[in-house]
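Trainee: Next up is a structure, given as structure tokens.
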Amino acid sequence: MLMGRKQAVPKILIVNPVECTGCGACEMAYSMRNVGEFDPSRARIQIISLNPDFFRLPVVCLQCYKPPCAEICPTEAITRDEATGIVRVSKEKRNGCRMCEEAYPFLHLQIGADSSRPFHF
């Protein structure tokens, strides 16, 4: 608290790829806590396998300062919340064009049909 004001501290999900075993427990835990069911496909953390026998990588939305997905969105469905700094997706403004997925420069962006949060795989 600074001089009587509360400042919002954005929640940040940090992954450490060095410690990741690729077990998928994080996907299961996230989906149960935030979606209410064990469904890794609906988790906002995804484990990708570049080579299933060798390398697995946990990925999350990077919450870019100037998100390329938001800049290309024709309906302005992707915005940064001024109060929290979190990049959000408006379900109401989405048109399903998926231009945001094509604009994302790292791996692959995905926005679930029932979600207001971007994630990557």
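Since every read-out is calculated from the coordinates, none of them should be taken as a lab result. Nothing here was measured: the structure is a model prediction, and the numbers come from that model. So basically every Cβ, Gly included, is an ideal-geometry build from the backbone, and we count neighbours across all protein chains shown.
Trainee: Tell me the net charge near residue 26. Cut-off is 12 Å between Cβ atoms, residue 26 excluded, with +1 for each Lys or Arg and -1 for each Asp or Glu.
Mentor: For residues surrounding residue 26, the net value is +1.
Trainee: A further question on this structure: Please check which bits of the stretch 27-50 a label hung off residue 19 would reach, taking the label as a point 7 Å along Cα-to-C-beta and the cut-off as backbone N under 18 Å.
Mentor: Under 18 Å, as judged by backbone N against the label point of residue 19, lie 27-30, 45-48 of the stretch 27-50.
Trainee: Let me ask you something else. Working out 0.36 nm times the residue gap between residue 75 and residue 95, then minus their Cα-Cα distance, what length gain in nm do you get to one decimal?
Mentor: Full extension from residue 75 to residue 95 adds 6.5 nm.
Trainee: Can I ask one more? In whole Hz, with x marking every Gly and Pro, tabulate ³J(HN,Hα) for the stretch 26-39 from phi via Karplus 6.51 cos²θ - 1.76 cosθ + 1.60, θ = phi - 60°.
Mentor: 5, 5, 5, 5, 4, 5, 5, 5, 9, 10, x, 8, 7, 9
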